[in-house]
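Note sheet for the following structure.
What follows draws every value from the coordinates through simple rules; no lab data is involved. These figures come from a predicted structure and were not determined experimentally. Note that we place each Cβ from the backbone using ideal geometry, even for glycine, and neighbour counts take in every protein chain shown.
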Amino acid sequence: MNFIKRHFIKKYIADNKPVRDINIVSLQKAKTVGLICNITTEDTYKEIYAVFSHLQNANRAVWLMGYIHDKEVPFYCLPQFTADFFCDKDLNWYGRIDKPLTREFAEKEFDILIDFSHEPFDAIRLIMSISKARLIVGAQKDNAPYYDLLINSEEELSHAALLKNVEIYTRKLSGETAL
């Protein structure tokens, strides 16, 4: 069954892949930032929420989309104006996203979309593949084909460490001086 689902997801991605204007902008100068992640425990929620709050406090328009690989969104994942969560129940039989806010997230033209997931999930890959973001960044090696910039590290990075690396490398690539 998974083979059939993946076939239909690949076909959907091929038919719906947007034309993107890839533009490297530093995290410092980005006005709109999208964060996508998988939430496994309350601690990972708190960690990603700290990153979300940090970016909001730096006067950026930030939108967090969290994926929970389970039937229900846990009680501690509180949806807010710019923080949404979806779970397996929000995917149709083919693995496509049925939730309107999630589709809206994928269609938004973020300056930077950062993938904080630690595991490869088809739902997150689908969002990245149809995203209209100008720059997609992440550290999940299995998701490398979906990124414009892969933060390569020997060990798994925490959310805060990944954000720091994104800040350093986007400043270097955009021609700004390093921190």
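The charge dipole of the chain, taken about the Cα centre with unit charges on the Cβ atoms of Lys, Arg (+1) and Asp, Glu (-1), comes to about 620 debye, rounded to the nearest 20. Could you tally the net charge around Ile124, taking each other residue with its Cβ under 11 Å from the Cβ of Ile124, Lys/Arg +1 and Asp/Glu -1? Neighbour charge sum, excluding Ile124 itself: -3. Computed over neighbours whose Cβ is under 9 Å from that of Ala133, the net charge equals +1, Lys and Arg +1, Asp and Glu -1.
With the helix formula -39500 (n - 2.57) applied to DSSP H stretches of n ≥ 4, the chain reaches a computed 222 nm mean residue ellipticity of -11000 deg cm²/dmol. Across the stretch 2-173 the C-alpha pair distances fall into 10 Å bins from zero in the proportions 10, 42, 38, 10, 0 percent. The local environment of Ala30, defined by Cβ-Cβ distances under 14 Å, has a net charge of +1 under the rule Lys, Arg +1 and Asp, Glu -1. Ordering Ile168, Ile124 from the fewest to the most neighbouring beta carbons within 10 Å gives Ile168, Ile124. A simple spin-label model places the labels of Ala61 and Phe75 3.5 nm from each other, with each point 7 Å out along Cα-to-Cβ.
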